Amino acid sequence: MRADVHMHTNFSHDSSSTPEEMIRGAIEKGLEVICFTDHYDKDNMDWGPEDIFDPEEYFRVLPPLKEKYRDQIDVRIGVELGIQPYLESYYREFVKKYPFDFVIGSVHCIWKMDIAYGEIFKGHTDEEIYRAVLEETLEDVRLYEDYDVLGHLDYMVRYGENKEKAYSYHKYVDLIDEILKTIIEKGRGIELNTAGLKYGLPFAHPHPDVLKRYRELGGEIITVGADGHKPEHIAYDFYKVSDILRVCGFKYYTEFCGRKPVFKQLP
């Protein structure tokens, strides 16, 4: 794999790496394409306004770096939206204002709580929270149109007390199938996110059973990203990606440029 299209810089609240450091790290790893997808999570109750990047500054800093390294790597500029149902109209207008190459829609919060902080699990079983996240994800994908792929489906499993032991595709088949069908019907896609492996899960996001089902239902758009927040995590475990996707029925993966999907044959 030569394209990592989900990565963060110090424009995201949870990274201290500069964009140039990430570009150089990607070049060192032999990548040909990267896409910055810094967090834009409006109304995340666990963050302050200062934790959300200024898009004007984003597009002031990144295009010159894209030009500087154009002979070494194709740098694209995207965003990862922290989607919540009531923000659909806000984000619809937001993405129209800026020339993003790629837009990921990710569920980071439910009930006004950030899943990664873990507080949401207090007083609830893993199964209850996993189902609640999937229920809100289904509501989101039914509402949203202006995104390209749904980020790290089954992300919440990283943070449960029993992690993958409380999770399987079959346990939540009713919700997962509806999420996948809705995404496909709307011409959107999903991503293979190798951060699941980085966080110690035995699978990348989403679980291979979900990937197989997405393909069975006719899903074709699938991007690949490591969700790295520092150079050493760029292209994390990418040597596993082709095999994962082939076993699940894929022959191609997808990159986005100017919000248009480009299909690439798996290596």
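For residues that are part of a strand (DSSP E or B), aromatic (Phe, Trp, Tyr) and in contact with a Gly (Cβ under 9 Å, 6 or more places away or on another chain), tally how many sit in the stretch 228-267. Adding up the residues that qualify gives 1.
Applying the set (1) closer than 30 Å to Glu57 by Cα; (2) out of contact with any Lys or Arg (no Cβ under 6 Å at 6 or more places or on another chain) to Leu134 leaves exactly one unmet item: (1). Of all residues in the stretch 238-245, at least one satisfies being in contact with a Phe, Trp or Tyr (Cβ under 7 Å, 6 or more places away or on another chain) and more than 21 Å from Ser17 (Cβ to Cβ). Do we find a residue being out of contact with any Lys or Arg (no Cβ under 6 Å at 6 or more places or on another chain) and closer than 28 Å to Asp14 by Cα anywhere in the stretch 212-219? There is no residue in the stretch 212-219 that is out of contact with any Lys or Arg (no Cβ under 6 Å at 6 or more places or on another chain) and closer than 28 Å to Asp14 by Cα.
Would you check if there is a residue in the stretch 69-86 being surrounded by fewer than 21 Cβ atoms within 10 Å (Cβ to Cβ) and under 26 Å from Arg131 (Cα atoms)? Within the stretch 69-86, one or more residues are surrounded by fewer than 21 Cβ atoms within 10 Å (Cβ to Cβ) and under 26 Å from Arg131 (Cα atoms). If the condition is being in contact (Cβ under 8 Å) with a residue 60 or more places away in the chain, under 30 Å from Asp74 (Cα atoms) and either among the aromatic types (Phe, Trp, Tyr) or assigned to a helix (DSSP H, G or I) (or both), then the stretch 93-148 contributes Phe100, Phe102, Tyr144, Tyr147. Where residues in the stretch 1-55 are in contact with a Leu (Cβ under 7 Å, 6 or more places away or on another chain) and of a type in the set (D, E, K, R), which of them is modelled with the lowest pLDDT? Of everything passing the filter in the stretch 1-55, Asp43 is modelled with the lowest pLDDT.
Take Tyr117 and decide whether it is modelled with pLDDT under 95, of a type in the set (Ser, Thr, Tyr) and either within 23 Å of Gly228 (Cα to Cα) or within 16 Å of the chain's Cα centre (by Cα) (or both). Spelling it out, Tyr117 is indeed modelled with pLDDT under 95, of a type in the set (Ser, Thr, Tyr) and either within 23 Å of Gly228 (Cα to Cα) or within 16 Å of the chain's Cα centre (by Cα) (or both).
If you check Arg188 against the conditions, is it more than 25 Å from His8 (Cβ to Cβ) and either at pLDDT 95 or above or of a type in the set (Val, Ile, Thr) (or both)?
Values: more than 25 Å from His8 (Cβ to Cβ): no; either at pLDDT 95 or above or of a type in the set (Val, Ile, Thr) (or both): yes.
Judged against the criteria, Arg188 is not a match.
For the stretch 216-232, which positions are over 15 Å from the mean Cα position of the chain (by Cα) and surrounded by 17 or more Cβ atoms within 10 Å (Cβ to Cβ)? Within the stretch 216-232, Gly219, Pro231 meet the criteria. Evaluation of Asp148 against the conditions (1) in contact with a strand residue (DSSP E or B) (Cβ under 8 Å, 6 or more places away or on another chain); (2) over 20 Å from Gly228 (Cβ atoms); (3) not hydrophobic (A, V, I, L, M, F, W, C) shows that the sole unmet condition is (2).
Note on the stretch 183-207: among residues that are of a type in the set (A, V, I, L, M, F, W, C) and in a helix (DSSP H, G or I), the one that is farthest from the chain's Cα centre (by Cα) is Ile184.
The values are calculated or read from the model by the stated rules, or taken from the named source; none is laboratory data. Please read all numbers here as calculations on a predicted model, not as lab measurements. Virtual Cβ from ideal backbone geometry, glycine too; neighbours counted across all protein chains shown.
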